[in-house]
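S.K.: Right, I'll just put the structure down here and ask away after.
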């Protein structure tokens, strides 16, 4: 069985430009264009976050769509389910806005929409081949790959480091 | 030949299709490829909400997230940041145009003092007219004496601290009074630009409207100051353009000639290159190398300048500069300042082309720098042409691919030439406007931008305008797009509406008048002022409109600003980086009408843009009662 693709983060590559956040909000707007999105109500929201960590690390965070998703187990109204691609989704019709999902999410990547009164999070851009945040990243800090491919690349790089350290 | 859909969607110009296909074959990248690699472009930049004016930042305002930053570190809101960035763009554009004007004043000064080589005062009539405008005595004086005073007076406009810039007084009295009332009547060209840099420094002007007003002030100093000086003094030195026939597009390069491209903006250099290329010694040397002669052609505004004064063919507009080199037939690409892509250096290395920079202000990686000075202008120009001639031997004819596309054009409608074409007075034009044969007049100008299908923005708009009886005046890259399309020919009147067609046919003029380079938009302003004065109204009352369908440069921002400040509604074909600020957007697209009597509009579809302009023209006609 082929592995599904995930959004992975190469934390050493992020420069904190926040392009991913803009692209995400635009991808979740009605017009799907930046110049249209800035005038829309409700305001389109980004589902990806970039945190700054001392001394100077920029860390993009986005829903990991956990295999055992705490949010899904915690949702009291049964609004959260996993689709056939493994993407954890919130059914906004069922969401009652209790924010339990926000409370239990280990990454803090579920948002509270103040205008729609619903929880929102990454939906992996179902209409796109590659999620908008990944396409927008100018440094390649965000990648859309299978876990096998991502860890394979990490191993390759680690092997090179090891060889170099051995001289 | 059938091209890839991807290539076809990049331009409407068949020569571009051919050359992009050739570039792909040779694995050479162009601006279009680099644009694609740049996508998606930074959204903060597109909205104008990033600020790098101090080192507490860089700051950027989140356009969406309520938990994202809504203010810069200093407290600047999106409105403040967008306004600051916008007026800095105006400062950049006004500086570029005006420094061009300053160079012309310098050349005139040196020529008057007898210190320049190869230059002369070609248009004494214009010299005297301008001198009178400046209150410089002309009777019983030599042209050098008059020119010396005029050059000094023009020079002084840049560093002036108080008073006003002389050419701004060509504007109708009502307009000047409005500028004074608003505090945007510029005092000196450099001063207004410097003041923008001061005001946008951390912690100075933080009122978006106050910032924009200063932007307008600097832009007026450009359009009615620096650019007008560039235009007028170029005419004095090199002759006021009169209609002349020429050709345009990459097909003007010749397989069996030494091809020299002059590219950039100031005629100071290109005029001398044209003169040097006619030197019999150099021509015979070219022939000895096996070439049939020396073929000088132009790109960008330099192309417009030498085309309208000498009929030198125009090889293409901004986005064709790389394609010209890719023909493999260019011995030398000689550049001065503005709109010259730094990619030309590495690109020229793929061919035998010598990329020669000449201005101490503009050096490029991979360029051969042959610095140009007025004192030895002709001598240096000959050395440059010599380098091109010598390079013909290095050309690999197997690598040469010149598209055959070229179109006839008629260029050189200076204000004076327009009046002459009308029979010595503006009356026939006014009459045609009154009767409705000419519905209105549009100024369509500006760059190319890979964000818009090359030339589609220009041609789509201009064809729609003339079809609806709007007479088009054109400069810069728009003028070249129109030239390539055949719209600069009297025969193009066939494509115009019945009214415009009859006027063009009666006068033997094209429906699109080539008025020159981008600084020559000052000519369009002069015509508008003359029409308004003849009717006793302000420019903002006229059935006129402006457009920059494919704009990209800071100069275009300054142009748009002075055109709107002059009272002319202006449509932009690419979105300016201001939408991150509701206040600035509102001011530019609505409030400005109550302040200067004109606004900006943004419309990326050229046909819809034409509709906006026509609706504006019709509203103004109604208000005038014609």
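S.K.: For q = 0.11 Å⁻¹, what log10 I(q)/I(0) does region A:1-100 give under the Debye formula with an equal point scatterer on each alpha carbon and no solvent?
M.R.: -0.46
S.K.: Please compute the Kirkwood hydrodynamic radius of region B:414-624 from all pairs of different C-alpha atoms, in Å with one decimal.
M.R.: Computed over Cα pairs of region B:414-624, the Kirkwood hydrodynamic radius comes out at 16.7 Å.
S.K.: Another question, then. For chain B, report the translational diffusion coefficient in µm²/s to the nearest whole number, using Stokes-Einstein at 37 °C, 0.692 mPa s, and a Kirkwood Rh over Cα pairs.
M.R.: Calculated translational D: 133 µm²/s.
S.K.: Of the beta bridges DSSP finds with both residues in chain B, what % are antiparallel, to the nearest 5?
M.R.: So the antiparallel bridges amount to about 15 percent of the total.
S.K.: Let me ask another. Measuring from centroid to centroid over Cα atoms, what is the spacing of region B:195-266 and region B:341-378 in Å?
M.R.: 20 Å
S.K.: How crowded by other chains is A:22-29, given as the mean number of beta carbons from other chains within 10 Å of each beta carbon?
M.R.: Values: counts 13, 2, 2, 6, 4, 0, 1, 1.
So the per-residue partner count for this stretch is 4.
S.K.: Sticking with this one: Taking every DSSP beta bridge with both residues inside the protein assembly as shown, roughly what % is antiparallel (nearest 5)? Don't jump to the answer; show the numbers that get you there.
M.R.: On the way: 22 of 62 bridges.
Just about 35 percent of them are antiparallel.
S.K.: Listed highest first by mean packing, meaning other Cβ atoms within 10 Å per residue, what order do A:144-155, B:164-175 come in?
M.R.: Packing proxy ranking, top to bottom: B:164-175, A:144-155.
S.K.: Turning to a different aspect of this structure: Output the 0 to 90 degree angle, nearest 10, between the alpha-carbon long axis of helix A:147-166 and the longest principal axis computed from the alpha carbons of chain A.
M.R.: Helix A:147-166 sits at roughly 30 degrees to that axis.
S.K.: Using only alpha carbons, build the gyration tensor for the protein assembly as shown and give me the equivalent ellipsoid semi-axes, biggest first, whole Å.
M.R.: 50, 33, 25
S.K.: Return the average number of partner chain Cβ atoms within 10 angstrom of each residue Cβ along peptide B:56-64.
M.R.: Counting Cβ atoms of other protein chains within 10 Å of each residue's Cβ and averaging gives 4.
S.K.: Counting DSSP beta bridges with both partners in region B:414-624, what percentage is antiparallel, nearest 5?
M.R.: Numbers: 0 of 20 bridges.
If I count the DSSP bridges inside region B:414-624, around 0 percent turn out antiparallel.
S.K.: Determine the calculated [θ] at 222 nm for chain A from helices alone, applying -39500 (n - 2.57) to every DSSP H run no shorter than 4 residues and normalising by the residue count; nearest 500 deg cm²/dmol.
M.R.: -7500 deg cm²/dmol
S.K.: Please sort A:101-108, B:416-423 by packing, taking for each peptide the average over its residues of neighbouring beta carbons within 10 angstrom, highest first.
M.R.: B:416-423, A:101-108
S.K.: Let me ask something else. Rounded to whole Å, give me the distance from the Cα center of region A:115-167 to that of region A:49-67.
M.R.: Centre-to-centre (Cα) distance: 12 Å.
S.K.: In terms of the Cα gyration tensor, with a ≥ b ≥ c the square roots of its eigenvalues, is region B:85-238 rounded because a/c is under 1.5, prolate because a/b exceeds b/c, or oblate?
M.R.: prolate
S.K.: Restricting to DSSP H runs of at least four residues, report the calculated mean residue ellipticity at 222 nm for chain B, -39500 (n - 2.57) per run over all residues, nearest 500 deg cm²/dmol.
M.R.: Computed mean residue ellipticity for chain B: -14500 deg cm²/dmol.
S.K.: Could you tell me the center-to-center distance, by alpha carbons, between region B:84-109 and region B:534-606 in angstrom?
M.R.: Going from one Cα centre to the other spans 20 Å.
No value in this document is a laboratory result; all are computed from the given coordinates. Just so it is clear, the model here is predicted, and its values are computed rather than measured. FYI the Cβ positions are ideal-geometry reconstructions off the backbone, even for glycines, and counts take in every protein chain you see.
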